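First the structure, in the form of structure tokens, and then the observations on it.
The values are calculated or read from the model by the stated rules, or taken from the named source; none is laboratory data. Everything numeric here is computed off the predicted structure, so don't read it as measured data. As a convention, Cβ positions derive from the backbone with ideal geometry for all residues, glycine included, and neighbour counts pool all protein chains shown. These area figures cover heavy atoms from the full protein model, side chains too; ligands, DNA and RNA do not enter into them. Shrake-Rupley method; radii C 1.70, N 1.55, O 1.52, S 1.80 Å.
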Amino acid sequence: MTKSLNATLPVLSDILGEPPDTLRTRQRALVAAGLLDSKPGKGPGRGVPATPKTLAQFLIGTCTGADGPFAKGIARATAPGTCRLTGAATFVDALAVILSDKALAERVRQIRIAINGGLIDVNYDGASQTTFLGKAVRMEGLMFQVVILPNTLRKIADLIEEIS
């Protein structure tokens, strides 16, 4: 049986540098906002399973603000064609593939997310890059960015490998 996301929060806390209670609160907010896949109820087989996709959703929610309006747009952002690194059509699926494959996670140099701009760059293999665009790419005013560093991706990939 797959571990729950809640059970992985102490390890994620170390990886992300945030207290487990903060991550638990964020998890609840993401579920309430419909941004995190979950099965209703309590007990085994219920709640949020710790899968590559839910960890990708959780990481996107963490980067964009737990229930912020930008999380869905970032998750659904698409690359022209598909991601050249993962073959995925959307950013959330590409991130899930990266987190589920340690060899791919090793190839990623960084993931840069322009939170309010709807623009995501996945940089890998030296100078290679795939850009994902949300429906509302905003190229004026202030743009807030977050960078997911390679060590973070590798540690989450290790966690997924460990619990799978």
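Just a few scattered comments:
- Selection count, segment 87-115, where residues are in contact (Cβ under 8 Å) with a residue 40 or more places away in the chain, in contact with a helix residue (DSSP H, G or I) (Cβ under 6 Å, 6 or more places away or on another chain) and in a loop (DSSP other than H, G, I, E, B): 1
- Residues in segment 120-164 that are of a type in the set (A, V, I, L, M) and either over 16 Å from the mean Cα position of the chain (by Cα) or open to solvent by 90 Å² or more (accessible area, probe 1.4 Å) (or both): 127, 136, 137, 139, 142, 143, 149, 163.
- Members of segment 94-124 found to be at pLDDT 95 or above, more than 19 Å from residue 53 (Cα to Cα) and of a type outside the set (Lys, Arg), listed by number: 123, 124
- Within segment 103-119, tally of residues that are open to solvent by 70 Å² or more (accessible area, probe 1.4 Å) and out of contact with any Asp or Glu (no Cβ under 6 Å at 6 or more places or on another chain): 2
Table: residues versus (1) among the β-branched types (Val, Ile, Thr); (2) assigned to a loop (DSSP other than H, G, I, E, B).
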site	(1), (2)
140	no, yes
143	no, yes
147	yes, no
155	no, no
158	no, no
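- Near pairs, Cβ below 8 angstrom, 6+ apart or cross-chain, from segment 1-20 (within 16 Å of residue 48 (Cβ to Cβ)) to any residue that is among the charged types (D, E, K, R) and assigned to a helix (DSSP H, G or I): 6/24; 9/24
- Criterion applied to 11, 48 was being in contact with a helix residue (DSSP H, G or I) (Cβ under 6 Å, 6 or more places away or on another chain) and over 15 Å from residue 155 (Cα atoms), and the one residue passing it is 48.
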